[in-house]
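The values are calculated or read from the model by the stated rules, or taken from the named source; none is laboratory data. These numbers were taken from a predicted model, which means no experiment stands behind them. Positions of Cβ are generated from backbone atoms using ideal geometry, with glycine treated the same way; all protein chains shown enter the neighbour counts.
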Amino acid sequence: MPPIFLALIGGAHIHTPGFIDRINKRDDVAVKYVWDHDPARAQKRAEALHTQTANLDTIWGDSSIPAVIICSETDRHEPLVTAAAAAGKHLFVEKPLGMGAADASRMAAAIENAGVFFQTGYFMRGNPVHQFLKAQVESGSFGKVTRLRMSNCHSGSLGGWFDTEWRWMADDAQAGCGAFGDLGTHALDIMLWLMGNVKSVTASLDTVTRRYGEIDEYGEGLLKFANGCVGTLAAGWVDVANPVSLVLSGTEGHASVINGQLFLQSSKVVGAGGETPQGKTPWTELPAAWPHAFEIFLDAVAGNKHAPLVSAREAATRSAVMEALYAGAKQQTWVNPR
């Protein structure tokens with residue numbers, strides 16, 4: 001069978017080389033054209049994909065291309081996404097979907113109205129621990145969940161990750177956020193996936209190295225969920241370690257994730273109740289990992305009708321909540337997401 005053709009629209013995102021590598025390792029999909037507003041970058045990405053560059057009109061009008069991958073700067077997403085949807089192309093759009101609530105909502109509406117499918121780079125849903133916890137929360141194993149804390153941090157600023165090719169990602173005019181939004185959106189996705197709608201949020205953000213000017217390099221957010229849970233979200237580019245990535249506490253159970261290992265206590269889960277060492281040994285009875293979020297999109301393009309995609313509306317909600325967190329930090333008050 002010949003491969004299904006894709007187009008790469010923008011190659012600015014730091015994850016683009018990894019996506020190219022994943023495409024090159026498959027024989028069921030291939031990139032026919034590459035476009036970027038920077039011709040040199042477009043050519044570089046095209047050479048890595050063993051293909052050619054083209055203008056947007058050529059890509060939108062090519063009926064042999066059913067799907068596109070958008071890895072442009074975030075401030076360029078909306079015109080590209082709406083044009084792709086109007087052309088009937090399925091979409092992978094690297095996170096975050098939008099700069100904030102307004103543009104993300106418009107993009108979600110365009111995608112929904114076009115009837116195309118969507119995916120974004122929220123790869124943490126496929127983590128076996130997160131899958132397991134979602135199932136246990138939904139089945140009531142934690143009773144009334146009172147607190148959820150997540151942390152997603154790395155040493156990007158300390159290591160100069162954004163000094164050269166990826167410098168735009170530390171420019172809020174192009175990225176829409178700094179470290180807190182860049183890494184925090186992954187953890188935020190899991191928090192909303194587990195707990196549902198958010199009523200109000202606030203945050204405290206700051207910078208320390210000033211390597212990229214005044215862009216935020218770390219922060220902590222507080223979230224009040226509609227179900228009564230209180231959430232805490234940590235994210236940053238100035239962390240030398242991130243050992244405790246999740247703490248979930250409820251009236252009938254507790255879970256923590258330490259160095260990637262789950263520790264669980266719940267009398268409602270066989271083997272995790274009072275007869276065990278009370279959560280002192282890792283819980284290993286977990287589901288299989290999903291493929292990476294980008295692979296899930298490629299699988300959907302190749303015909304998997306059951307691929308667990310993130311919806312465009314979910315992605316737009318995350319942009320809206322993150323915008324509110326930044327507003328809460330700036331205004332030093334609680335903000336209701338739009």
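Observations
- Of the candidates T82, T51, T146, T58, the single residue that is closer than 12 Å to A312 by Cβ and either free of Cβ contacts under 8 Å to residues at least 24 places away in the same chain or more than 19 Å from the chain's Cα centre (by Cα) (or both) is T82.
- Selection count, the stretch 131-151, where residues are surrounded by fewer than 20 Cβ atoms within 10 Å (Cβ to Cβ) and in contact with a helix residue (DSSP H, G or I) (Cβ under 8 Å, 6 or more places away or on another chain): 2
- Taken across the stretch 108-116, residues that are assigned to a helix (DSSP H, G or I) and surrounded by 21 or more Cβ atoms within 10 Å (Cβ to Cβ) do occur, with at least one present.
- Top-ranked residue in the stretch 198-207 [being surrounded by fewer than 22 Cβ atoms within 10 Å (Cβ to Cβ) and touching a strand residue (DSSP E or B) at 6+ places or on another chain (Cβ under 7 Å); ranked as nearest to T333 (Cα to Cα)]: T202
- Flag if A255 is at pLDDT below 95, more than 21 Å from the chain's Cα centre (by Cα) and under 19 Å from Q131 (Cβ atoms): no
- Scan the stretch 300-338 for residues that are in a helix (DSSP H, G or I) and either without any contact (Cβ under 8 Å) to a residue 12 or more places away in the chain or small (G, A, S) (or both) and the total you get is 12.
- Where a residue in the stretch 231-250 is free of Cβ contacts under 8 Å to residues at least 40 places away in the same chain and its partner, wherever it lies, is in a strand (DSSP E or B) and of a type in the set (A, V, I, L, M), with Cβ under 7 Å and at least six apart: P243/I258
- Looking across the stretch 210-251 at every residue that is among the β-branched types (V, I, T) and buried (at least 17 other Cβ atoms within 10 Å of the Cβ), the one that is nearest to V321 (Cα to Cα) is identified as I215.
- Some residue of the stretch 270-281 being aliphatic (A, V, I, L, M) and exposed (fewer than 13 other Cβ atoms within 10 Å of the Cβ): yes
- Residue match in the stretch 269-281 (condition: closer than 30 Å to T82 by Cβ and either in contact with a Ser or Thr (Cβ under 6 Å, 6 or more places away or on another chain) or aromatic (F, W, Y) (or both)): no
- First in the stretch 105-116 and of a type in the set (K, R), second anywhere and part of a helix (DSSP H, G or I) and surrounded by 15 or more Cβ atoms within 10 Å (Cβ to Cβ), Cβ under 7 Å, 6 or more apart: R106/E78
- Long-range neighbours under 8 Å by Cβ, at least six apart or interchain, first residue farther than 24 Å from S245 by Cα within the stretch 162-185, second among the hydroxyl-bearing types (S, T, Y) and in a loop (DSSP other than H, G, I, E, B): R167/Y212; D171/Y212
- Qualifying position, being touching a Gly at 6+ places or on another chain (Cβ under 6 Å) and under 28 Å from W168 (Cβ atoms), among A203, A241: A203
- Within the stretch 149-176, the only residue that satisfies the criterion of being within 15 Å of the chain's Cα centre (by Cα) and at positive phi is G176.
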